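To start, the structure itself, in structure tokens.
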Amino acid sequence: MRGKRVFVLEQGSLAKSLLELEERLRPLAGRKAPLLLVESQPVQVWAILLTCQRLGIPLFLGNPSWGKREWDQALAQIGAGWFWRQGQLQPHPSNSVNQPLRDLLKALPAADFPPICIPTGGSGGQLKWAIHSWATLAASARAHQQHFAVGPVHSYCLLPLYHVSGLMQVVRSWLSEGQVVLWDWKSLLAYPERWDPPLPGSFLSLVPTQLQRLLQQAQPVVLEALRQFRAILVGGGPTWPSLREQARQLQIPIALTYGMTETASQVCTSFPQAFWGGNDSLGRPLPHARLHIHSSGRDPVGRIHLWAESLALGYYPHLWLREQGLLTEDLGYLDEEGSLHWLGRTDDLILTGGEKVMAAEVEGEIRASGWVEDVCVLGVPDAEWGQQVIAVIVPYPDKDAAELKHRLTQHLSKHLSSYKRPKHWLHCERIPRTPQGKVNRPYLQQWAMKALRIPAASQGKTDPDPDTPQL
């Protein structure tokens, strides 16, 4: 791989950094004082995580893009301790004793100390951490090895290590004595000539929008490099039909996955061979996990209930009864082969005229048009149909509004039933998101209803505000 924004992470290459960090962090050892790590450099994140494990320091991962509200919220939740922010180690500004943290550390099994707390959060924007340990992360890494029947796992990482998707790539390679190549996404997108063939049998992880951008550019050198991976794990959101079909036609080795922060990434993963054959499932559960669908009557669709060795110990500062598993807010079903099909989240479900519409499916097709930068599909109250489907979009700056409406309508008419197509289009400068990148749906729902002059408690149908920007 050519270019300066690349680092090959090998076990020997960190020796000096680990020694230096151990000296800096040793004052925290033995006190059970937590460290909040907010760092954008992936090598530094990984080295500090290893050092905290060695010294027995509870670690909380943070997002460098946090604003003041998230930062204050994080410090208040963790209480007295230390924080590392972009290379600077400082004591917590408060001397208050955090009793919840003390209680957690006292109740934590010895095999799971010190904890590794990974940020997650719902659509409402409330910051929370999934409590993991080296044992839960290692269980996920072993399952990946067994699923793909590989020895050393070589990973090419484009995702940040303060997110579980990036962190687990490094864990898999580190424990299997493979190599990790840390790539810079913006650099590779801007300079496709920097792509070189990966190591044989390597893995790459992408979110659907990253895959879309790479396939839209269709640079021959990039496509050839993508074809040479053992598997390209795609998760973190739904892949829409046109994106899957494009990847198949180009013979990209996609492995669709299902997982979350709470499970230390994947608990279901398909194989590229099945994907090429037209199978759109997310695969069967990995060896360390099992699933159950809470469905009613003859409807096979229901909430996904899962158990896994990699399941988090709880949400900070509370521990779970892990034997009860995790009943998620995700909707899906298992086919005859036992493979999972994910449809969306319960709060994404829109009921209109007796029909069920999954917002994720409609959003995927709108993205697939290539005419919007971002999108969120919502259901708002409607007196006649119960709910009506609307779309909030962020158009690309150079798109004409009239042509945009025509193109989107034309595209959706080919791919979606009429009841799934948005009845109103609202546009804004950006879709509000939480620090974890999830759409702040409650906020956006209120904004959209106000824009369409729908009272919060109303079930009636109203006409949109003529001053609201629409397509």
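Every number here is computed from the coordinates shown, using simple stated rules; none is lab data. Not measured: the values here are computed from a predicted model. Here the Cβ is made from the backbone with ideal geometry for all residues, glycine too, and neighbour counts use every protein chain on show.
Using every Cα-Cα pair within segment 65-213, state what percent have a distance larger than 25 Å.
Roughly 45 percent, rounded to a whole number.
Suppose the Debye formula is applied to equal point scatterers at every Cα of segment 353-451; what is log10 I(q)/I(0) at q = 0.10, 0.22, 0.24 Å⁻¹?
Reported log10 I(q)/I(0), two decimals: -0.25, -1.25, -1.43.
Across the chain, what fraction of all alpha-carbon pairs, as a whole percent, falls in each successive 20 Å bin from zero upward?
22, 55, 22, 0
If you bin the C-alpha pair distances of segment 306-411 every 10 Å from 0, what whole percents do you get?
12, 29, 28, 21, 9, 1
May I ask you to derive the relative contact order of the chain, considering only C-alpha pairs under 8 Å and at least 6 residues apart, and to give it as an integer percent? Intermediate results must be reported in sequence, preceding the final value.
Working: 923 pairs, mean separation 52.7, N = 471.
This gives 11 percent for the chain.
Please identify the GluC sites (Glu not before Pro) of segment 342-440 that satisfy two criteria: DSSP loop assignment and at most 15 other Cβ atoms within 10 Å. Which are they?
GLU384, GLU429
Please report Rg over Rh for segment 243-397, where both radii come from the alpha carbon positions and Rh follows the Kirkwood definition.
1.00
Filter the chymotrypsin sites (Phe, Trp or Tyr not before Pro) in segment 333-406 to those in DSSP coil with at most 10 other Cβ atoms within 10 Å of their Cβ, and list the result.
none
I'd like the orientation of helix 441-451 relative to the chain: the angle between its Cα long axis and the longest Cα principal axis, in ° from 0 to 90, rounded to 10.
That helix lies at roughly 30 degrees to the long axis.
Which value does Rg/Rh take for segment 181-331 over its C-alpha atoms, Rh per Kirkwood?
Value, to two decimals: 1.03.
Calculate how many DSSP beta bridges within segment 353-451 are antiparallel, expressed in % of all such bridges and rounded to the nearest 5.
Restricted to segment 353-451, the bridges split so that about 75 percent are antiparallel.
Tell me which residues come under 5 Å, amide H to amide H, from GLY178 once H is placed; ignore anything under 5 positions away on its chain.
The answer is VAL153.
Can you give the convex hull volume of the alpha carbon atoms of segment 170-253 per residue, in Å³?
94 Å³
What are the principal axis extents of the Cα atoms in segment 35-93, in Å, biggest first?
30, 22, 15
With a sphere of radius 13 Å drawn around the Cβ of LYS128, what net charge do the other residues whose Cβ falls strictly inside it have (Lys, Arg +1; Asp, Glu -1)?
Combined, the nearby Lys, Arg, Asp and Glu give -1.
Can you say what percent of the DSSP beta bridges in the chain, counting only those with both residues inside, are antiparallel? Round to 5. The partial results should precede the final answer.
Values: 54 of 79 bridges.
So the antiparallel bridges amount to about 70 percent of the total.
Quick one: 3J(HN,Hα) in Hz for segment 104-111, Karplus 6.51/-1.76/1.60 with θ = phi - 60°, rounded, Gly and Pro as x.
So the Karplus estimates, Gly and Pro as x, are 4, 5, 5, 8, 5, x, 4, 5 Hz.
Residue by residue through segment 322-332, which ³J(HN,Hα) values in whole Hz follow from phi under the Karplus form 6.51 cos²θ - 1.76 cosθ + 1.60 (θ = phi - 60°), with glycine and proline marked x?
With coefficients 6.51, -1.76 and 1.60, one gets 5, 5, 7, x, 10, 8, 7, 9, 8, 9, x Hz.
Give me a comma-separated list of calculated 3J(HN,Hα) values for segment 414-426, in order, Karplus coefficients 6.51, -1.76, 1.60 applied at θ = phi - 60°, integers in Hz, x for any Gly or Pro.
7, 10, 10, 5, 4, 6, 8, 7, x, 8, 9, 10, 10
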